[in-house]
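This report refers to the structure that appears directly beneath it.
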Amino acid sequence: MELLCVLGGMAALFLLCAFLTLKAGLHSALAPLTALSLIVTWLTFCGVADLLLPGMWVLLAACAVLGAGALLPGKGGARPDFRALFTPGAALFWGLCLACAVYFFIRQPMATAWDELNLWATAVKVTKYNNRLYTTAVLGWPWQATQNPGLSLLAYFFSFFGSYADWKIYFAYDALFFAVFGAVLGGLRWAQYRISVPLAAVLWCVPYFFTTYNHTIYLNTAYMSAYGDIPAGMVLGGAAALWLALRR
């Protein structure tokens, strides 16, 4: 059941990506990162206004309406160009998201590190159950508000349906990773598999290098972390990749 709840969030994201590609003309490899950025920006504004719950429902309704308008035949029965949705970058994003969701659902990883368990996983949990930014929660003790609220809201988006679970945080942050990977692949075509396949393999290793270099000589669980450092660094690189791809 919880897997279906996460897949529901993915479906809303797909509808928004379909609109960005088929109606706004954005390349499908760039649509996931753009869509996630729009989602987090909207939820952040709603959270600051203390309207997170109604803002989330408005967001889901907008995804449904815009996606349906993009996927359904237009005037005169003109069918959308569905092939535009299936490019190497988009396939990498959706394939990794689906595999990651199923894997985390089966394994059920839990937050264990000190800060991860007591601060950042808790921040998402507080946001989930209160439908408010965790920075405004009344917890009865000084809250170390150093996490980017947007990352917690990214996890909130994928945790909105169903119950709270640590693995949904990991999935949300990994989805951000994979959206960055898609943006790096950019406008590569299927015929350019000699570039896209090894590039995808290199991208998979990138978060490990960040973690290994900064913290330890051993490989760490970079793909299962509620800390905000690595996602924030990845999205900065993703913004650069998005800008470079749009220049083309």
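Restricting to the range 144-188, give me the number of residues that are assigned to a loop (DSSP other than H, G, I, E, B) and either open to solvent by less than 10 Å² (accessible area, probe 1.4 Å) or in contact with a helix residue (DSSP H, G or I) (Cβ under 7 Å, 6 or more places away or on another chain) (or both). It would help to see each step written out before you state the result.
Narrowing the range 144-188 to residues assigned to a loop (DSSP other than H, G, I, E, B): 144-148, 160-165, 186-188.
Next cut, either open to solvent by less than 10 Å² (accessible area, probe 1.4 Å) or in contact with a helix residue (DSSP H, G or I) (Cβ under 7 Å, 6 or more places away or on another chain) (or both) only: 144-145, 147-148, 160-165, 186-188.
Going through the range 144-188 one residue at a time, the tally reaches 13.
Taking the conditions (1) at pLDDT 90 or above; (2) farther than 20 Å from MET110 by Cβ; (3) among the aromatic types (Phe, Trp, Tyr) in turn, TRP167 satisfies each one other than (2).
Give the residue that is farthest from MET224 (Cα to Cα), with candidates limited to residues of the range 77-117 that are within 18 Å of the chain's Cα centre (by Cα) and free of Cβ contacts under 8 Å to residues at least 40 places away in the same chain. Checking each candidate, the answer is ALA91. Checked across the range 16-28, the condition of being part of a helix (DSSP H, G or I) and open to solvent by 60 Å² or more (accessible area, probe 1.4 Å) holds for no residue. Each residue in the range 65-78 was checked for being closer than 24 Å to TYR156 by Cβ and open to solvent by 50 Å² or more (accessible area, probe 1.4 Å), and 2 of them qualify. Is it fair to say ASN130 is touching a helix residue (DSSP H, G or I) at 6+ places or on another chain (Cβ under 9 Å), without any contact (Cβ under 8 Å) to a residue 24 or more places away in the chain, polar (S, T, N, Q) and more than 18 Å from PRO231 (Cα to Cα)? Answer is yes for this residue.
VAL102 - would you say it is in a helix (DSSP H, G or I), on the phi < 0 side of the Ramachandran plot, open to solvent by less than 40 Å² (accessible area, probe 1.4 Å) and of a type outside the set (Gly, Ala, Ser)? Full working, then the answer.
Working: in a helix (DSSP H, G or I): yes; on the phi < 0 side of the Ramachandran plot: yes; open to solvent by less than 40 Å² (accessible area, probe 1.4 Å): no; of a type outside the set (Gly, Ala, Ser): yes.
So VAL102 does not fit the description; no.
Would you confirm, using the coordinates I've provided, whether TRP94 is closer than 27 Å to LEU20 by Cα, in a helix (DSSP H, G or I) and open to solvent by 80 Å² or more (accessible area, probe 1.4 Å)? Here the answer is no, as TRP94 does not meet what is asked. Among the residues of the range 115-135, some residue qualifies, meaning at least one is closer than 23 Å to TRP42 by Cβ, open to solvent by less than 60 Å² (accessible area, probe 1.4 Å), at pLDDT below 90 and part of a loop (DSSP other than H, G, I, E, B). Contact map, the range 196-210: first residue over 13 Å from GLY182 (Cβ atoms), second residue part of a helix (DSSP H, G or I), Cβ cut-off under 7 Å, separation 6 or more or different chains; pairs are PRO207/PHE177; PRO207/ILE230; PRO207/MET234; PHE210/ILE230; PHE210/GLY233. I need the full set of residues from the range 37-72 which are among the small types (Gly, Ala, Ser) and part of a helix (DSSP H, G or I), in order please. The answer is SER37, GLY47, GLY55, ALA61, ALA62, ALA64, GLY67, ALA68, GLY69, ALA70.
Scanning the range 2-9 for any residue that is over 27 Å from TRP243 (Cβ atoms), over 19 Å from the mean Cα position of the chain (by Cα) and not basic (Lys, Arg) turns up nothing.
Criterion applied to LEU98, LEU52, LEU59 was being within 23 Å of LEU151 (Cβ to Cβ), among the aliphatic types (A, V, I, L, M) and either touching a Cys at 6+ places or on another chain (Cβ under 6 Å) or at pLDDT below 95 (or both), and the one residue passing it is LEU52.
The values are calculated or read from the model by the stated rules, or taken from the named source; none is laboratory data. This one's a predicted model, so the numbers in the text were calculated from it and none came from an experiment. Don't worry about glycine lacking a Cβ; one is built from the backbone with ideal geometry, like all the others, and counts go over all protein chains shown. Only protein heavy atoms, including side chains, enter the accessible area calculation; ligands, DNA and RNA are left aside. Shrake-Rupley method; radii C 1.70, N 1.55, O 1.52, S 1.80 Å.
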